[in-house]
1. Please state which one of Gly290, Gly274, Gly297 is under 18 Å from Ala319 (Cα atoms) and modelled with pLDDT under 90.
2. Given the condition modelled with pLDDT of 90 or more, part of a strand (DSSP E or B) and in the same structural domain as Glu491 (by TED's automatic domain parsing), answer yes or no: does some residue in region 509-520 qualify?
3. Of the residues Arg104, Arg57, Arg98, Arg79, only one is surrounded by 17 or more Cβ atoms within 10 Å (Cβ to Cβ) and either more than 17 Å from Gln25 (Cβ to Cβ) or modelled with pLDDT under 90 (or both); which?
4. Do we have Arg148 as surrounded by fewer than 19 Cβ atoms within 10 Å (Cβ to Cβ) and touching a His at 6+ places or on another chain (Cβ under 9 Å) here?
5. Please enumerate the residues belonging to region 537-554 that are surrounded by fewer than 21 Cβ atoms within 10 Å (Cβ to Cβ) and either among the aromatic types (Phe, Trp, Tyr) or in contact with a Phe, Trp or Tyr (Cβ under 6 Å, 6 or more places away or on another chain) (or both).
6. Residues being buried (at least 18 other Cβ atoms within 10 Å of the Cβ), part of a loop (DSSP other than H, G, I, E, B) and of a type outside the set (Val, Ile, Thr): count how many of those fall in region 396-409.
7. Kindly state which helices (runs of 4 or more DSSP H) lie completely within region 608-683 and contain at least 2 residues that are at pLDDT 90 or above.
8. Within the set of pairs 6+ apart or on separate chains, which have a first residue in region 693-721 that is closer than 16 Å to Pro682 by Cβ, a second that is among the aliphatic types (A, V, I, L, M) and loosely packed, with under 14 Cβ neighbours inside 10 Å, and C-beta atoms under 6 Å apart?
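The values are calculated or read from the model by the stated rules, or taken from the named source; none is laboratory data. Here the structure is a predicted model, which is why all the values come from computation and not from measurement. Virtual Cβ from ideal backbone geometry, glycine too; neighbours counted across all protein chains shown.
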Amino acid sequence: MDGYGTSLEHVLAELERLGMMLQIQVHVWRERQRPGGTGDELAAFYVPEAEVDEILRTGVGAAPWGEVALPPELRDAVRSRLDALSAEIAQRSAVSLRQGVPLRLAELAGLFSLSAFDVDVLLSCLAPELDGRYERLYAYLHDDVTRRQPSVGLVLHLLCPDLPAVVAARARLGPAGTLVRNQLVELDEDPGQRSASLLHRTLRLDPRITQFLLDQDEDSVDSRLRPFARVVTSAASLDEMVFPVAFRQQLSQLAAHGTAPDAADVLYLQGPYGVGKQTAAAACCRAQGGSLLVVDGRRLAASSSEEFATLVVLADREARLQRAPLYWEGFDALLSDDHGSHLQALVSVLERRQGLSFLSGTAVWEPADALRDATFVRLPFPQPGARERLQLWQAALARDAVTTVDPAADLAAVAGKFRLNGGQIRDAAVTARNLARARTPTAAQITSADLHAACRLHSNRKLADLAVKITSHYTWDDIVLPSDQMAQLREIYSQVRHRALVYDTWGFGGKLAMGKGLSILFAGPSGTGKTMAADVLARALGLDLYKIDVSAVVSKYIGETEKNLARIFAEAMTSNAILFFDEADALFGKRTQVRDAHDRYANVEISYLLQKMEEYEGMVVLATNLRKNMDDAFVRRLHVTVEFPVPGVADRHRIWEQIWPAATPRDPGLDLEFLAHRIEMPGGSIRNIALASAFLAAADGGVITMHHLFRAAHREYQKTGKLLTGSEFGEYAGSSRESRHDRQAGAEAVPPPAAG
């Protein structure tokens with residue numbers, strides 16, 4: 001015997017079997033309408049006395065039911081034909097399944113564990129969707145032209161041979177039954193009756209199920225779910241994904257274990273955006289030849305409890321119809337107290353599901369009083385190391401066959417400095433390509449500067465809400481320090497640049513549980529170049545520099561300072577930035593002897609800072625003018641301390657030479673050597689003097705002279721509480737010509753001549 005060539009042929013054969021059962025019901029109905037029966041042609045408008053007498057005479061359960069009212073010869077003939085057709089359908093279906101022909105009705109029964117009765121209910125509801133004449137047939141059997149869809153009572157009488165069978169099957173059409181609970185069919189109220197009994201409620205096939213049975217749902221998702229869900233198919237296998245070997249093996253084992261069809265397995269993929277949670281889940285499904293139904297849980301969380309419960313059931317149903325595991329994205333959006341009912345609705349669906357389900361989120365969560373009958377595994381995703389980041393960069397840049405990468409661009413250095421995950425790297429690669437095309441549209445080539453700029457743009461930008469971003473301006477040539485301090489700054493630069501090689505490739509990271517970051521102290525008087533040094537390092541490394549506003553961090557309320565610091569360090573971990581604490585002694589001061597509650601909480605803040613400093617894996621620069629006020633425990637935990645001395649004569653001379661922009665007009669007679677010897681001030685003060693002299697010159701002819709420098713130096717000394725008598729400038733103090741500003745001021749001071 002040949003099998004069915006298509007799924008529709010199988011459905012039509014089953015509907016033919018349903019037609020025979022309806023034929024029996026029609027014969028029963030006609031027998032009851034014959035003279036002497038309980039029927040009446042006007043029974044739709046009143047209750048005949050004969051029918052009342054029949055009900056009272058026979059009682060519940062004793063009325064003629066189903067085929068009992070048929071003549072034996074007719075009943076036997078129809079039953080024989082029905083049995084023969086049922087046997088033929090079973091045999092042909094088995095042949096089709098062996099030949100690999102998908103039969104949608106059989107698939108649906110297997111996906112939802114439907115009984116033969118459930119399948120016949122679906123066929124009863126499907127018939128009017130294919131042939132409108134069935135609506136008239138149902139109206140005839142209801143004895144009511146307005147009831148054109150099968151009711152619960154009609155279906156029970158059609159499919160059940162006696163009252164005990166009706167009672168047993170009635171529960172399967174209730175709210176807890178498989179058909180209604182999974183929304184395969186809908187129970188509609190009879191518009192003509194208020195609070196109708198279950199028997200009078202109308203059964204209607206869900207439109208999505210109709211599409212599925214008719215094989216018309218290719219690449220489609222239920223219309224109610226389209227704003228929240230999509231089907232994802234992976235193009236890569238787990239072996240091709242860039243993960244640490246041990247983690248990839250663990251993921252493969254968990255995915256293989258979760259393919260058992262009779263077990264409920266929930267795999268919670270925990271990690272931030274971009275670590276590859278969804279890609280890994282899709283790759284697990286690809287290994288089994290399937291796809292993944294991704295549901296946007298964050299958007300669904302905004303819906304009401306009733307709507308959410310309905311959509312969760314639809315998502316579960318859609319995942320089964322797509323033969324795809326359910327992937328719930330943004331699961332941690334349901335963990336707040338005001339979403340407790342949402343979480344309960346999702347968990348109840350997961351407990352009923354068979355096979356593998358995925359949850360995705362960032363928060364740590366373990367089920368309490370839930371999922372006890374399911375296997376639950378929380379799998380934290382690791383951040384990629386430098387080696388994995390380099391592979392991700394190479395793969396992301398190789399996707400664009402048009403834009404090339406400058407051979408001088410050091411991808412390994414970029415991967416080592418910027419701790420981006422896979423998603424951020426893919427986004428940064430696109431941004432770097434766009435930057436290159438914006439610069440040279442015709443022959444775009446991604447440079448090292450493009451890569452660094454893209455990495456900074458795709459690092460976490462929330463740190464800007466907690467700190468002030470400093471735009472780097474200075475280079476190594478701009479800063480003037482003694483040779484030893486310059487060597488220390490170069491060593492700091494080298495340590496950041498090669499941290500991936502030492503910690504990851506050489507294995508030192510495995511030897512250190514904490515303290516993998518770089519903590520630096522810049523100590524010295526004001527104006528000696530501490531902020532400039534941080535600026536130089538940030539620009540040389542290609543990293544953002546954020547200055548922490550101490551006034552915004554420290555709070556008079558107990559515990560608020562720790563919260564602010566926790567936010568800063570948490571955001572800094574994902575921002576790939578250098579944290580710069582100016583006036584650090586205000587935060588990192590010495591702990592005091594506890595005399596009252598204020599001392600105790602102040603010491604708690606300092607201890608908390610110590611802990612965060614050890615946990616932080618980035619670069620932190622502390623600057624202080626008062627090193628002696630720093631807590632000793634902080635000093636011990638610092639990796640590098642750089643002393644910034646007041647510059648000597650030689651260094652001051654270099655500063656005076658470098659301080660002037662090329663376009664600044666200067667008197668050729670400026671004696672910079674003389675200035676270096678006579679003005680004993682740090683570089684910050686020298687910069688102030690040079691700038692002030694430029695404004696004085698701009699108001700006095702436009703050329704900077706020694707006289708302008710003398711006046712500017714005099715004002716700078718006044719700020720520090722010192723006086724510049726003029727002897728420090730010697731001949732330059734009085735030999736310069738009087739400025740235009742002085743002449744104007746003198747003229748205004750002369751009183752006008754008296755009248756007459």
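1. Every option except Gly290 fails the conditions.
2. Within region 509-520 (the criterion being modelled with pLDDT of 90 or more, part of a strand (DSSP E or B) and in the same structural domain as Glu491 (by TED's automatic domain parsing)), the answer is yes, since at least one residue qualifies.
3. Arg104
4. Taking the combined requirement at face value, the residue satisfies it.
5. Hits for region 537-554 are Ala540, Lys547.
6. Of the residues in that region, 1 qualify.
7. In region 608-683, 649-658, 672-678 are the helices (runs of 4 or more DSSP H) which contain 2 or more residues that are at pLDDT 90 or above.
8. none
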